[in-house]
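Worksheet: one structure, shown below.
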Amino acid sequence: MRVTMLDDRPYMRPGGTGFGSSPMQQPWSGWAILLTINVVVFILQVMIDPGSLDSRFGNSLVGQWFAVDSEQISWLLPMQLITYQFFHGSVFHILVNALGLFFIGRALEPIIGRREIIGLYLVSGVVGAFFQLAFAMILPAHFAGPMVGASGAVFGFLGVLSRLFPQREMFLLLFFVLPVRLKLSWIFWGSFAIAIISIVIEIRSEVSDRTAHGAHLGGLLFGAFYVAALVRNGGLMRFLPGLPKVRFVSSDSAKGTEARQRGDWRKPKVVDADEVSGEDFISQEVDPILDKISKQGIHSLTERERKILEKARSKM
């Protein structure tokens, strides 16, 4: 079975609820909220603390109170692991991260849901910060210093999207000039290789390039790890209280809707992926589950539905 078999599904078409959906359909989607916060915070940063955008960053208000600074780790506040993700070091810095939030975030949110993508953003950023701090503690001469930016979170988004849909293709600007179309699996491994090579160059260089390559690597790896938790355990939001408990949804969407309206929750027939063709398995079992994720989020899936998705991924 190939992933391209999913290309004709409604949630994978331009204008649907998958890749290419219009951002105006959900103006307050999770990725849009995150992007807006980043832009507003940067505008306030420029107005109130312009010194945070140049070589005086370490002594600036942002550098002292909102950044994650490995040189002041004994004074690190828990809130700084969150706040550093919404400040940036330059116009170019926020521009790159904003583009990542826009293109990757809006492609990913219909798959995992609004609350899940916000949680993924925050946790990816925290994991990225810990990776950078670990490098700074081992090699302070090369990695120490204050850190800001949404890069760790954006790389987390990329890690999730590329591991969920490794054969899908995405346009990107190579060296910010040359438009190319690559499979997401290639982008993932290319980003991984670039992060590793950049860390090696940073270690061998006498002058730091002031880029948190450790945070990029941490976010990317967490995104890849997250996919397993997403399919098997329901992702991050299952750990938060107050979420609605969603009962089993029939795999026959029409009959399932009528059954839910009647309050009939009879268990539907189970279709084994090994007993039917790949296309039949997709249409009978995987399609309704992905439709459900698109409408209700990944946290709404039952254990059986997660096992079906896991089996489908193993066959792709």
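Going by amide H atoms built from the backbone, whose H comes under 5 Å of the H on residue 76, apart from near neighbours?
When sequence neighbours closer than 5 places are left aside, there are no close amide H contacts.
For 192, 92, 165, 87, what's the fewest-to-most ordering of other Cβ within 10 Å of each Cβ?
Ranking 192, 92, 165, 87 by Cβ neighbours within 10 Å, fewest first, gives 92, 192, 165, 87.
Order the peptides 130-139, 150-159, 75-84, 115-124 from the highest to the lowest mean number of other Cβ atoms within 10 Å of their residues. Write out the running numbers ahead of the final one.
Values: 130-139: 18.7, 150-159: 29.3, 75-84: 15.4, 115-124: 23.5.
Final packing ranking: 150-159, 115-124, 130-139, 75-84.
In terms of modelled amide H atoms, which long-range or inter-chain residues lie less than 5 Å from the amide H of residue 149?
85, 86, 87
Before anything else, pin down the relative contact order of the range 71-221: Cα pairs under 8 Å, at least 6 apart, normalised by residue count, whole percent.
Numbers: 199 pairs, mean separation 45.0, N = 151.
Relative contact order of the range 71-221: 30 percent.
At residue 205 and residue 33, where each label point lies 7 Å from the Cα along Cα→Cβ, what is the point-to-point distance in nanometres?
3.7
For the range 29-52 and the range 126-167, write down the distance between their C-alpha centroids in whole Å.
20
Read-outs: derived from the displayed coordinates by stated rules, not from any lab. Computed from a predicted structure; not experimentally measured. With ideal geometry, Cβ positions are generated from the backbone for all residues, glycine too; neighbour counts draw on all protein chains shown.
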